[in-house]
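Please read the structure below before turning to the comments.
Please treat every number below as a calculation from the coordinates, not as lab data. Note that the coordinates shown come from a computational prediction; the quantities given were computed from them, not determined experimentally. Cβ: placed from backbone, ideal geometry, glycine included. Neighbour counts: every protein chain shown.
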Amino acid sequence: MLARTIDILGDLIAFPTVSADSNLAMIDYLASHLEECGAAVHLMRDPSGSKANLFATLGPQKDGGIVLSGHSDVVPVTDQDWSFDPFQMTKRDGRLYGRGSCDMKGFIAAVIAMAPTFAQAVQDRPLHFVFTYDEEVGCIGAGHLAQSLGDIGITPSVAIIGEPTEMRIIEGHKGCYEYTTKFQGLEGHGSAPDLGVNAVEYATRYVAFLLDLKDQLRTMAQPDSPFDPPWTTVNVGALTGGTVHNVIAPKAQVNWEMRPVQKRDADFVKSRLQDYCREVLLPKMQAVFPEASIQTEVVGEVDGLVPTLENEARQIVASLTGQNDAGVVPFGTEAGIFQNIGMDVVICGPGSIEQAHKADEYIAVDQLEQCLGMLKNLATNFDETGR
């Protein structure tokens, strides 16, 4: 089974499923393997038709099943100094190198390798396979999937998401809200700044206000917060605008994100920013140029995974792995989307997040072995999970 998993992983790495590109070839590959096992397969294409989610089921088409989930897309390799071809798996010293090896094609490979075994094990409770697109750019595919499940008429009750956790059980993480704020000003000669509206200048004021909010969020941390850091964080990823030294910049853009511990923190930041733009920045900009504007585009607002006292997914994975504890992580996943539509969710998968998104990304072979151990236990005891 390990050899089969490694072979499949090599195939998956060879699909260059960077979020900006199509994932259809990989989805077709996965669909073919699952159909061979007798799974009922649904493909859900995005509006462009160039990407798709895969939702497949072994067993009866009814509510209450278990989901094994992973995202098909990977981050770019541009400007990264790789020692190997990132889209050709390389084996070395007990590690399997390649883009997506741990995030998260290793888990997907193990699940697909186990599919024939699952097909023999599933009886009354369905087992679902969910492979999504565009997780890395805002969990867009998972949001699409959540809407599409209503059309299929199936509501699973449990989801195990195989993001790299070194096979630890994770029951919580912060949300991930990403934004692009664009400033439209009025260009002019740099020697007469009062006759123009410098978009870069107003973008800078916006960032300064955002950083003040960032400091305030530190004081709003809940005493019992399990996260590190315990407060909602803010990050300014980029501020761009202008052209040359002596021209008033007519356009600017700020790319920023926050990782809310709780939704009210996100509401606080958004409302304060809206008030600041409406009451302070825009009146000054439009006094000179009435068409001046500030527009914020939502790249993605993905809610966090909230730990709960009762969690069937946690109970199942604990019984499969022998672990008694569950933790939280700082990075975001699709888990909150699954939780919001009524599933019990945990994250547990092979590999370390420390290797994700970097040059020479890899997954250790022994991590795949541990993952296969969990999945084999699931197959052996699958009928017990329905009781």
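When +1 charges are put on Lys and Arg Cβ atoms and -1 charges on Asp and Glu Cβ atoms, the dipole computed for the chain relative to its Cα centre reaches about 320 debye. Under the simplified labelling scheme, the T204-A287 pair shows an inter-label distance of 1.9 nm, with each label point 7 Å from Cα along Cα→Cβ.
Relative contact order, whole percent, for the chain stands at 25, derived from Cα pairs under 8 Å and 6 or more residues apart. Between the Cα long axis of helix 2-13 and the first principal axis of the chain there is an angle of about 30°, rounded to the nearest 10. For R272 and N377, the difference between the fully extended length at 0.36 nm per residue and the C-alpha to C-alpha distance is 32.8 nm. Treating r as the C-beta distance of Q88 and L309 and R0 as 45 Å, the FRET efficiency rounds to 0.45. Simple rule: put +1 on each Lys or Arg Cβ and -1 on each Asp or Glu Cβ in the chain, find the dipole, and look at F55, L34, Y202; the Cα lying farthest toward the positive end is Y202. If R0 equals 30 Å, the separation of the Cβ atoms of Q80 and S48 corresponds to a calculated FRET efficiency of about 0.70. Build a GNM of the chain with springs between Cα atoms under 10 Å apart, and of V346, V200, V158 the one that fluctuates most is V200. For K358, the lysines whose Cα comes closer than 29 Å to its Cα, not counting residues fewer than 8 places off in the same chain, are K51, K91, K105, K174, K214. Using C-alpha pairs under 8 Å with a sequence gap of at least 6, the mean separation divided by the residue count of segment 1-68 gives a relative contact order of 24 percent. Labels on offer are (i) 43, 23, 19; (ii) 36, 23, 19; (iii) 30, 24, 18, and the one holding semi-axes √(5λ) of the Cα gyration tensor in Å computed from this structure is (i).
Ordering H71, H189, H173, H245 by the number of other Cβ atoms within 10 Å of each residue's own Cβ, fewest first, gives H245, H189, H173, H71. For K270, the aspartates and glutamates whose Cα comes closer than 16 Å to its Cα, not counting residues fewer than 8 places off in the same chain, are E178, D212, D215, E257, E279, E297, E301, D303. Length gained on full extension, D63 to E36, computed as 0.36 nm times the residue gap minus the Cα-Cα distance: 7.4 nm. Computed from Cα atoms, the angle from the helix 263-276 axis to the main principal axis of the chain rounds to 20 degrees.
Simple spin-label estimate for D151 and D21 gives 2.7 nm between the two label positions (7 Å along the Cα-to-Cβ direction from each Cα). Simple spin-label estimate for N246 and L211 gives 3.0 nm between the two label positions (7 Å along the Cα-to-Cβ direction from each Cα). Just from its helices, what would the mean residue ellipticity at 222 nm be for the chain, if runs of 4 or more DSSP H residues each count -39500 (n - 2.57) and the sum is divided by every residue, rounded to the nearest 500 deg cm²/dmol? Calculated from helices alone, the mean residue ellipticity at 222 nm is -10500 deg cm²/dmol.
Legend: calculated FRET efficiency, L2 to Q222, from the Cβ-Cβ distance at R0 = 45 Å, rounded to 0.05, equals 0.55. Note down the relative contact order for segment 1-159 as a percent, whole number, built from C-alpha pairs under 8 angstrom at least six residues apart. Once normalised by length, the contact order is 35 percent. Relative to the Cα centre, the charge distribution of segment 248-376, modelled as +1 at Lys and Arg Cβ and -1 at Asp and Glu Cβ, gives a dipole magnitude of about 500 debye.
How tilted is helix 199-218 with respect to the longest principal axis of the chain? Cα atoms for both, answer in degrees (0 to 90, nearest 10). Roughly 50 degrees between the two axes. Of all aspartates and glutamates in the structure, the ones whose alpha carbon falls short of 13 Å from that of K251, not counting any fewer than 8 places away in one chain, are E187, E201, E291.
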